[in-house]
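Okay, so here's the structure we're looking at.
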Amino acid sequence: MRAAVWLSALQNEAAVAFVSPVGVVPPSAPRFRFHPAARSIGSGFAATFRVLGGAPFHSLLAAPYDWPHAIERARQDLGNIDATVVLLSRLDPWVRASLPAGLHILDAIDSLRRSMEERSREAAAVTRWLWRGEGKRVGRAEAEAVQFYDRVVVVSEEDTGELNAIAISNGVEIAPVGDAPRPYDFAFWGRLPYFANADAATWLICEIWPLIRAQRPEATLLIGGADAPASIRAADGRDGITVQSPVADIAALTRSVKVALFPVRFGTGQSNKVLEAAEGGCAIVATKHAMRGLDALTPHAAVADDAAGLARAALAAVPNAALRAAVESHYSRTATFDRLRSVVKR
């Protein structure tokens, strides 16, 4: 998603080369020149030695690709390169030495160190020490990366101090809300294998939803998102619950829901689902954690951090025009494009 936002922001401003692992470019993608990085067993093997020397295990996700040759092809294609944007700090160890001259920008999206802390907080006691150890490795790597790049970007103000970064939200595309009927009373959505979303959906199904149904037996709940695990799919068709996986059109989903319910207890960065709900005209009931980095929306949402409080707030929630106005004013995708372009230009 972040790559698509950057590409859309720059497509009419510059000739852009996109370097990533091999993949299919959808017809709707912004204009760019694609230089895929082939898988490389040698690069992956070499990376293991760096990890043994203290590099984050997390960075191995980006290691087994021939980044240098792909970057060189992009450089030959474009000629002199004015700016390079590296997405995610876990990619930095494998591309930094190959980056062309010019402005170097790291879009970390969020602090991986803080993300590892979140994982350790959620993990079982037997694996908690692993996440804490990885957090220390990631913290060292991020501190080193910040010293190299000319600009560092994140999505949320919460991470700006630690990474000496500027915050630029993903934003959301603003479209007419319409006045079609909304068949679902409540909904939660997100990429469901992600541990924070899986935890939120499970908490919602097992503890919060029974409290809501006890007060409103005819209430309906939609849970949507890619790759729903079997434990969540099992709820489909019972107690007014519909599981939709995958979701073809998030904007259409938000316009079919009265109240967006986000019982999120973990995660870092900024919650795109909250932006999507506000843009779609939903009322929002969420934990404080779900509203992180979204100060302009928080006053217009109902916030609670326990199951009973979330259920009460959900039952009382009604659509709030101020939410839609706030997302238009502060988080439009057009404003995001302008801010990303300004980072590159200066």
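The values are calculated or read from the model by the stated rules, or taken from the named source; none is laboratory data. Owing to the predicted nature of the structure, the values given are computational and were not obtained by experimental measurement. Neighbour counts run over all protein chains shown; Cβ positions are idealised from the backbone, glycine included. All accessible areas refer to the heavy atoms of the entire protein, side chains included, with ligands and DNA or RNA removed. Shrake-Rupley method; radii C 1.70, N 1.55, O 1.52, S 1.80 Å.
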Distance histogram in 5 Å bins (all Cα pairs of the range 145-236, percent per bin): 3, 10, 15, 13, 13, 14, 14, 8, 6, 3, 1, 0
³J(HN,Hα) computed for each position of the range 108-123 - Karplus, 6.51 cos²θ - 1.76 cosθ + 1.60, integer Hz, glycine/proline x: 6, 6, 8, 7, 5, 4, 5, 5, 5, 4, 4, 5, 5, 5, 8, 6
The chain, relative contact order [Cα under 8 Å, separation at least 6], %: 14 percent
GNM top mover of Leu253, Leu192, Leu78 - the chain, alpha-carbon springs below 10 Å: Leu78
Surface share of carbon and sulfur [accessible, 1.4 angstrom probe, percent] for the chain: 55 percent
His69-Thr242 FRET efficiency (beta carbon distance; Förster radius 56 Å; 0.05 resolution): 0.75
Under Karplus coefficients 6.51, -1.76 and 1.60, residue-wise ³J(HN,Hα) of the range 58-74 in Hz, glycine/proline x: 4, 5, 4, 4, 9, 7, x, 9, 8, 5, x, 5, 5, 5, 5, 4, 5
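If r is the Cβ-Cβ distance from Gln147 to Leu315 and R0 is 41 Å, what FRET efficiency results, to the nearest 0.05?
Numbers: r = 51 Å, r/R0 = 1.24.
Between Gln147 and Leu315 the formula returns 0.20.
So which GluC sites (Glu not before Pro) in the range 117-219 are both in a DSSP loop and have at most 15 other Cβ atoms within 10 Å of their Cβ? It would help to have the intermediate numbers written out before the result.
Details: sites: Glu117, Glu118, Glu122, Glu134, Glu142, Glu144, Glu157, Glu158, Glu162, Glu173, Glu207, Glu218; in loops: Glu173, Glu218.
Answer by residue number: Glu173, Glu218.
Can you give me the convex hull volume of the Cα atoms of the range 250-346, divided per residue and expressed in Å³? If you can, show how the numbers build up before the last one.
Details: hull volume 9.5 nm³, N = 97.
Measuring per residue, one finds 98 Å³ for the Cα hull of the range 250-346.
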Principal-axis tilt of helix 321-330 within the chain, Cα atoms, nearest 10 degrees: 10 degrees
Separation of alpha-carbon centers, the range 1-73 and the range 140-159, rounded to whole Å: 19 Å
Among Ile284, Ile41, Ile208, residue whose mean-square fluctuation peaks in a GNM of the chain (springs only between Cα atoms under 10 Å): Ile41
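Could you grab the relative contact order for the range 268-346? Cα pairs under 8 Å, six or more apart, rounded to a whole percent. Mind showing how you got there, number by number?
Details: 81 pairs, mean separation 25.6, N = 79.
Computed over the range 268-346, the figure is 32 percent.
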Spatial separation of Cα centroids for the range 288-345 and the range 209-232, in angstrom: 22 Å
Karplus (6.51, -1.76, 1.60) ³J(HN,Hα), θ = phi - 60°, over the range 235-240, in Hz, Gly and Pro reported as x: 7, 4, x, 10, 6, x
Accessible surface, the chain, averaged per residue in Å² (probe 1.4 Å): 47 Å²
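Taking every DSSP beta bridge with both residues inside the chain, roughly what % is antiparallel (nearest 5)?
Numbers: 1 of 35 bridges.
Roughly 5 percent of the DSSP beta bridges within the chain come out antiparallel.
Could you work out the equivalent-ellipsoid semi-axes for the range 23-151, taking the square root of 5 times each eigenvalue of the Cα gyration tensor, largest first, in whole Å? If you can, show how the numbers build up before the last one.
On the way: eigenvalues 166, 52, 48 Å².
Semi-axes from the Cα gyration tensor: 29, 16, 16 Å.
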Point-to-point label distance, Ala226-Val126, nm (Cα→Cβ direction, 7 Å offset): 3.1 nm
11 Å beta-carbon shell around Ala313, net charge (K/R +1, D/E -1): -1
Under 14 Å from the Cα of Lys345 - aspartates and glutamates, other chains or at least 8 residues apart: Glu13, Asp82, Asp150
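When the helices in the chain are scored as -39500 (n - 2.57) per DSSP H run of 4 or longer and the sum is shared across all residues, what 222 nm value do you end up with, to the nearest 500 deg cm²/dmol? Please list the in-between numbers first.
Working: 15 runs with 142 residues, N = 346.
Dividing the helical sum by the residues of the chain leaves -12000 deg cm²/dmol.
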Residues with amide H under 5 Å from that of Ala38, placed H, sequence gap 5 or more: Asp66
Spacing of the two label points (7 Å from each Cα toward its C-beta) at Arg39 and Asp179, in nm: 5.4 nm
Dipole magnitude (debye, nearest 20) for the chain, charges at Cβ of Lys, Arg, Asp, Glu: 420 debye
Debye-sum result for the chain in log10 I(q)/I(0), which assumes one identical scatterer on each alpha carbon, at q = 0.08, 0.15 Å⁻¹: -0.42, -1.34
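Just to confirm the filter: which trypsin sites (Lys or Arg not before Pro) across the range 243-339 are DSSP coil and have at most 15 other Cβ within 10 angstrom of their Cβ?
On the way: sites: Arg255, Lys258, Arg265, Lys273, Lys288, Arg292, Arg312, Arg324, Arg333, Arg339; in loops: Arg255, Arg265, Lys288, Arg292.
Of the trypsin sites (Lys or Arg not before Pro), the ones in loops of the range 243-339 whose Cβ has at most 15 other Cβ atoms within 10 Å are Lys288.
Kirkwood hydrodynamic radius for the range 193-320: how many Å is it when counted over pairs of different Cα atoms?
On the way: mean 1/r = 0.0684 Å⁻¹.
Answer for the range 193-320: a Kirkwood hydrodynamic radius of 14.6 Å.
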